[in-house]
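These notes concern the structure reproduced below.
The values are calculated or read from the model by the stated rules, or taken from the named source; none is laboratory data. Every value quoted in this text rests on a predicted model; they were computed, and no experiment measured them. Glycine also receives a Cβ, built like all others from the backbone with ideal geometry; neighbour counts cover every protein chain displayed. Only protein heavy atoms, including side chains, enter the accessible area calculation; ligands, DNA and RNA are left aside. Shrake-Rupley method; radii C 1.70, N 1.55, O 1.52, S 1.80 Å.
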Amino acid sequence: MTRIVDSKAALRAALAPARRRGESIGFVPTMGSLHAGHRSLVERARAECDLVVASIFVNPTQFDRSEDLAAYPRDLEGDRAILAEAGCDWLFTTSPEAMYPAGFDSWVEVGGGLDEHLCGATRPGHFRGVTTVVAKLFHIVGPDRAYFGEKDFQQLAIIEQMCRDLDFPLEVIPCPTVREPDGLALSSRNRLLPPEARARAIALPQSLSAAARAYAAGQREAASVLGALRKSLESAGGRIDYAEAVDARSLAPREQLNDHTVLALAVFFGEVRLIDNHRLARPFPEVR
Ligand code: AMP
């Protein structure tokens, strides 16, 4: 059974007995509208921790466009059912007023240029919003392990850096991207895609899969691989926000591909912006 708590004090009180007993706490922060990708994070936490906590908070400080915040899908009842099935013990829900009361003005910003490329280049302030809310949630929950999806690999790299730099006493656990049978990465935003755009969006995994094959066949020129990738996304009607080859840790662009390179994409299909990525050290999953 998943119990819901909607205040910081109630959550701390709920977790205190387990903490006193020395039980481990696994934490999965989300913005709700849950799907099998989120479920895989909760299941992993369930397998590795004594107590599993998830949070649902549509964090206003990480949205750079108010239309996106307003349009973000919400479905608390559906979410609760998924969390219960996956074995989540506690669901923490909260409100913008509780997280950012009047006078709030402290922010967590990760340096090193990690937020300058990729999503950071076109979404000013986004990662500052993410790191600030994740730091707050880490303080509220006090987890031993926190689970994040590799689908948002820039977010993951930035949170790992934040935890290293600020001595958060927890382990960040990266979890593989869960995909639809046709390869499209699961995302809450997929629900916003009209059917024809949903059909065209399979160009994302298909182009990454083709790039993975080119790399496996010995291609090492980023420009050539990215050129082919852009072409196939554009011929599917995608409007490219970025398509880049970057180092997995520094996120700096790379001209030569190697096993530490990640191909990262953000593409609009209609009004909906989708992201995906592939780490070249791994095989790309089968695409139907
Ligand atoms: P969100 O609710 O979109 O903020 O996502 C919450 C967490 O779920 C983040 O750590 C995401 O990276 C992760 N996540 C989202 N989609 C997927 C997916 N398709 N596979 C695995 N993890 C995911």
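Quick notes on this structure:
- Among residues of segment 149-161 that are among the acidic types (Asp, Glu), those with a Cβ under 6 angstrom from a residue that is more than 7 Å from the ligand (Cβ to nearest atom) and open to solvent by 40 Å² or more (accessible area, probe 1.4 Å), sequence gap 6+ or separate chain, pair up as GLU150/PRO174.
- Among residues of segment 134-152 being away from the ligand (no atom under 14 Å from the Cβ) and not basic (Lys, Arg), the one that is most open to solvent (accessible area, probe 1.4 Å) is HIS139.
- Annotation note: Cβ proximity below 8 Å between a residue of segment 163-182 that is more than 22 Å from THR30 (Cβ to Cβ) and touching a residue at least 40 places away in the same chain (Cβ under 8 Å) and a residue that is near the ligand (Cβ under 10 Å from one of its atoms) and in a strand (DSSP E or B) (sequence gap 6+ or interchain) occurs for no pair.
- Close pairs (6 angstrom Cβ cut-off, 6 or more residues apart or separate chains): closer than 19 Å to HIS139 by Cα in segment 37-61, of a type outside the set (Ser, Thr, Tyr) and near the ligand (Cβ under 9 Å from one of its atoms) anywhere: ALA45/VAL28; ALA54/VAL28; SER55/PRO29; ILE56/GLY32; VAL58/MET31
- ARG80 meets all of the listed conditions (1) away from the ligand (no atom under 16 Å from the Cβ); (2) surrounded by 14 or more Cβ atoms within 10 Å (Cβ to Cβ); (3) more than 24 Å from PHE127 (Cα to Cα) but one, namely (1).
- The residue pairs whose first member lies in segment 86-107 and is loosely packed, with under 15 Cβ neighbours inside 10 Å, whose second member is among the β-branched types (Val, Ile, Thr), and whose beta carbons are closer than 6 Å, counting only pairs six or more residues apart or on different chains, are TRP107/THR132.
- Candidate set: segment 81-95, residues that are touching a Ser or Thr at 6+ places or on another chain (Cβ under 6 Å) and not in a strand (DSSP E or B); chosen: the one nearest to PRO17 (Cα to Cα): CYS88
- Selection count, segment 263-277, where residues are part of a strand (DSSP E or B) and open to solvent by 10 Å² or more (accessible area, probe 1.4 Å): 5
- Within segment 169-196, the set of residues being surrounded by fewer than 19 Cβ atoms within 10 Å (Cβ to Cβ) and more than 14 Å from the ligand (Cβ to nearest atom) comprises PRO169, LEU170, GLU171, PRO194, PRO195, GLU196.
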